[in-house]
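Let me begin by presenting the structure, written as structure tokens, before commenting on it.
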Amino acid sequence: MSMNKTGIPQHIAIIMDGNGRWATERNQPRSYGHQAGVETVRRITSECTRLGVKYLTLYTFSTENWNRPSDEVAALMGLVLSSLEDEIFMKNNVRFRVIGDIKRLPENVQQKLQETMDHTAQNDAMTMVVALSYSSRWEITEAVRQLAAKAANGEVNPQDIDEQTVSDAMTTTFMPDPDLLIRTGGELRISNYLLWQIAYSELYFCDTYWPDFKEEDLHRAIEDYQKRQRRYGKTEAQVSEEENK
């Protein structure tokens, strides 16, 4: 499918929802759906790289997911390890990063994450960011704690704290905010994902379960994004005037 590549979002964030329900509808264990979801990650990563997307952030495992049955959590951790063996990063010149409360992960998973980040550090076609043991409220709480400690130590004046100061305290400080947030699986909520960063992101929801999300579905989301006018609080006339300068 040909696309207008002049309006490709620089940063796409995805809530990969529907793996468990996809498996249940096929009378399979939920882990079967998560495995199928990894195949979708490979396809979508390759396609985003081909289209010229610079950052792809995937909501992989939330802090709330620790409350799931222990066998599912164990299967997910194993899947994280096996998926990091994939050479998709090197084949597509993709840099790997991770955000989240990594200290809660098993030590072997932490080690593999670091190895993959080190191994792909020089890749520059696209950065794939995995949100693992992540929630936005956790991230914002950590940022507040960090800034409070700096204020208490006299390193920062509370009166000088502005939006940029807060953004710099986030785990996502190395990348721009998402232009487009996609959620699959039919749910119409954000689920504690990048709440600070998506203040002006365009939101796109679809009913397709993540294992069934194809390149064509990604194209539809981007084409929908390209039809929108991002005004950032300005009027339509103001934005049009700026675009025509």
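The values are calculated or read from the model by the stated rules, or taken from the named source; none is laboratory data. Computed from a prediction, not measured in an experiment: that's the story for all the values here. When we count neighbours, we look across all protein chains shown, and the Cβ atoms used for this are built from the backbone with ideal geometry, even at glycine. Side chains are part of the model used for accessible areas, which takes the heavy atoms of the whole protein and leaves out ligands, DNA and RNA. Shrake-Rupley method; radii C 1.70, N 1.55, O 1.52, S 1.80 Å.
Amide H contacts of Ser62 (H built 1.01 Å from N, in plane; Pro and chain starts excluded): Ser133, Tyr134 sit under 5 Å, all sequence-distant by 5 or more or on other chains.
Candidates Ser135, Pro158, Phe174 compared by Cα position along the dipole of the chain: farthest toward the positive end lies Ser135, with charges placed on Cβ. Surface exposure of the chain, expressed per residue as accessible area with a 1.4 Å probe, stands at 52 Å². Counting only heavy atoms of the protein chains and using a 1.4 Å probe, Phe174 has close to 60 Å² of accessible surface. Between Ile190 and Gln164, residue separation times 0.36 nm minus the direct Cα-Cα distance comes to 7.1 nm. For the chain, a crude dipole built from +1 on the beta carbon of Lys and Arg and -1 on the beta carbon of Asp and Glu, taken about the Cα centre, is about 200 debye to the nearest 20. Once the chain from Arg145 to Asn157 is taken as fully extended at 0.36 nm per residue, the excess over their C-alpha distance is 2.9 nm. When the chain is described by a simple charge dipole with +1 on each Lys and Arg Cβ and -1 on each Asp and Glu Cβ, the residue from Ala75, Gln122, Thr57 located farthest towards its positive end is Ala75. If the chain linking Glu85 and Asn4 were pulled fully straight, counting 0.36 nm for each residue of separation and taking away their Cα-Cα distance, it would gain 25.8 nm. Could you tell me the calculated FRET efficiency between Arg21 and Phe174, based on Cβ-Cβ distance and R0 = 35 angstrom, to the nearest 0.05? E(calc), rounded to 0.05, equals 0.55.
Highest mean packing first, where packing is the average number of other Cβ atoms within 10 Å per residue, the peptides 158-164, 175-181 line up as 175-181, 158-164. Distance from the Cα centroid of the range 54-114 to that of the range 125-204 is 19 Å (rounded to whole angstrom). Placing +1 on the Cβ of every Lys and Arg and -1 on the Cβ of every Asp and Glu, with nothing else charged, gives the range 11-90 a dipole about its Cα centre of roughly 220 debye. With K and R counted +1 and D and E -1, the other residues having a Cβ less than 13 Å from that of Arg189 yield a net charge of -2.
Rounded to the nearest 20 debye, the dipole magnitude of the range 97-165 is 300 debye, with +1 charges on Lys and Arg beta carbons, -1 on Asp and Glu beta carbons, and the Cα centre as origin.
The solvent-accessible area of Ile190, taken with every protein chain present and a 1.4 Å probe, is close to 40 Å². Rounded to the nearest 10 square angstrom, Tyr209 shows an accessible area of 40 square angstrom against a 1.4 Å probe.
Taking only protein heavy atoms and a 1.4 Å probe, the accessible area of the chain is 46% carbon and sulfur.
Ranked by the mean number of other Cβ atoms within 10 Å per residue, highest first, peptides 221-228, 118-125 order as 221-228, 118-125.
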